[in-house]
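Below: the structure, in structure tokens.
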Amino acid sequence: GAKGRFLDGALDLDGSVYYYMYENFQTTEFTGATIVVTNAGEATAKGFEGAARWRPTEGLDLFANYAWSEARLDSGARKGNSFRLSPDHSVALGGTFSVQLGGLGMLSFTPTYTWQSEVFFDDDNDRSDLQVRTPITFSDFVVDEKQEAYGLLNLRATFQPGEAPLTFGVFVNNAADEDYLIDAGNTGDILGIPTFIRGAPRTVGFEVKASF
């Protein structure tokens with residue numbers, strides 16, 4: 001990896017590459033109605049992570065992050081499958097815009113946007129051929145335990161009055177009210193009836209912080 005500062009300190013850049021090799025990669029599988037640890041054989045993970053932070057002028061601070069990761073099982077029945085919860089691509093963008101309101105205090109606005117590509121919730125990647133169980137009624141032949149690519153927009157505004165040790169804030173998480181899953185399968189998958197955990201819908205809140 002490497003990092004550097006440019007434009008008289010206004011721009012920070014850093015990046016790194018990695019490559020991992022696994023032997024005797026441990027994962028889980030169903031045996032009847034029981035979850036057991038199994039040896040999936042060999043696996044590799046390679047990727048790149050990069051980040052940039054730019055402060056073009058006073059009161060404006062921007063950032064961007066990108067990650068590419070290709071994590072795959074390389075042998076056995078799950079050869080070619082992706083690691084669970086491992087998107088190939090992920091991006092984060094955002095910034096903070098601040099303005100001094102005379103002697104009243106500081107007002108700041110921070111929008112952020114995060115995006116990730118498709119992920120699976122298990123190393124079996126919900127493949128039907130890997131979910132044939134005994135009895136057959138416990139099998140799961142529907143490929144639905146995954147999350148397609150999605151993005152989330154979060155908004156936050158804060159106000160710090162003068163020299164007071166207080167910060168007032170309002171926020172909107174998942175401002176576009178995106179539907180997405182954070183997990184699927186779980187205990188119900190043992191019976192061929194997977195359960196699903198939704199991500200939080202649009203959430204609006206207010207907060208007060210005090211520093212001592």
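The values are calculated or read from the model by the stated rules, or taken from the named source; none is laboratory data. None of the values given here were measured: they were computed from a predicted structure. No Cβ is skipped: glycine too gets one built from the backbone with ideal geometry, and neighbour counts run over all protein chains shown. In case anyone asks, the SASA skips ligands and DNA or RNA and just uses the protein heavy atoms, side chains included. Shrake-Rupley method; radii C 1.70, N 1.55, O 1.52, S 1.80 Å.
Tell me, what HN-Hα J-couplings in whole Hz come from the Karplus equation 6.51 cos²θ - 1.76 cosθ + 1.60 at θ = phi - 60° for each residue of the stretch 101-107, using x for Gly and Pro?
These are the phi-based 3J(HN,Hα) values: 9, x, x, 6, x, 10, 10 Hz.
Under 8 Å for C-alpha pairs, at least 6 residues apart: give me the relative contact order for the chain, rounded to a whole percent.
Normalised by residue count, the contact order of the chain is 14 percent.
Quick one: plug the Kirkwood hydrodynamic radius of the stretch 101-153 (C-alpha pairs) into Stokes-Einstein at 37 °C, 0.692 mPa s, and report D in µm²/s. Walk me through the numbers before you get to the answer.
Values: Rh = 15.0 Å.
My calculation gives 219 µm²/s for D.
Using Cα-only point scatterers and the Debye equation, what is log10 of I(q)/I(0) for the stretch 74-131 at each q in 0.12, 0.19, 0.29 Å⁻¹, rounded to two decimals?
Summing over Cα pairs of the stretch 74-131 leads to -0.52, -0.77, -1.11.
Can you list the residues, at least 5 places off or on another chain, whose amide H is less than 5 Å from the amide H of D140, using H built in the peptide plane?
Counting only residues 5 or more places away or on other chains, the set is R133.
What ³J(HN,Hα) values, in whole Hz, does the Karplus curve 6.51 cos²θ - 1.76 cosθ + 1.60 give for the stretch 52-60 when θ = phi - 60°, with x put for Gly and Pro?
9, 9, 10, 10, x, 7, 4, x, 10
Can you tell me the alpha carbon radius of gyration of the stretch 1-82 divided by the globular rule-of-thumb value 2.2 N^0.38 Å? Mind dumping the intermediate values first?
Working: Rg = 20.2 Å, N = 82, 2.2 N^0.38 = 11.7 Å.
So the stretch 1-82 has a normalised radius of gyration of 1.72.
With label points built 7 Å along Cα→Cβ from the Cα atoms of F196 and E70, find their separation and express it in nm.
Reported label-point gap for F196 and E70 is 3.1 nm.
What is the dipole size for the chain, taken about its Cα centre, with +1 at each Lys and Arg Cβ and -1 at each Asp and Glu Cβ, in debye to the nearest 20?
On the way: 16 positive and 29 negative charges, 103 e Å.
Here the chain has a charge dipole of around 500 debye.
As I understand it, the dipole of the stretch 90-192 uses +1 on the Cβ of Lys and Arg and -1 on the Cβ of Asp and Glu, about the Cα centre. Which of V132, L107, Y150 lies farthest toward its positive end?
L107
At a probe radius of 1.4 Å, what is the per-residue accessible area of I193, in Å² to the nearest 10?
110
Could you please report the charge total around S117, scoring K, R as +1 and D, E as -1 over all other residues with beta-carbon less than 13 angstrom from its beta-carbon? Write out the running numbers ahead of the final one.
Details: positive: K146; negative: E70, D88, E118, E148.
Here the count lands on -3.
Modelling each spin label as a point 7 Å along the Cα-to-Cβ direction, I'd like the Q100/R127 distance in nm, to one decimal.
6.1
Sort 167-179, 13-25 by packing, meaning the average of other beta carbons within 10 Å per residue, with the highest value first. Present the calculation step by step, with values, prior to reporting the outcome.
On the way: 167-179: 14.8, 13-25: 12.4.
The most tightly packed comes first, giving 167-179, 13-25.
Would you mind giving the average projected area, over all directions, of the Cα convex hull of the stretch 1-146 in nm² with one decimal?
Mean orientational projected area (the stretch 1-146, Cα hull): 12.7 nm².
Express the carbon and sulfur contribution to the solvent-accessible surface of the stretch 108-150 as a percent, rounded to the nearest whole number, probe 1.4 angstrom. Present the calculation step by step, with values, prior to reporting the outcome.
Numbers: 1310 of 2130 Å².
Carbon with sulfur: 62 percent of the solvent-accessible area.
Just to confirm, what accessible area per residue do you get for the stretch 31-104 at 1.4 Å probe, in whole Å²?
Details: 4080 Å² over 74 residues.
Each residue of the stretch 31-104 exposes 55 Å² on average to a 1.4 Å probe.
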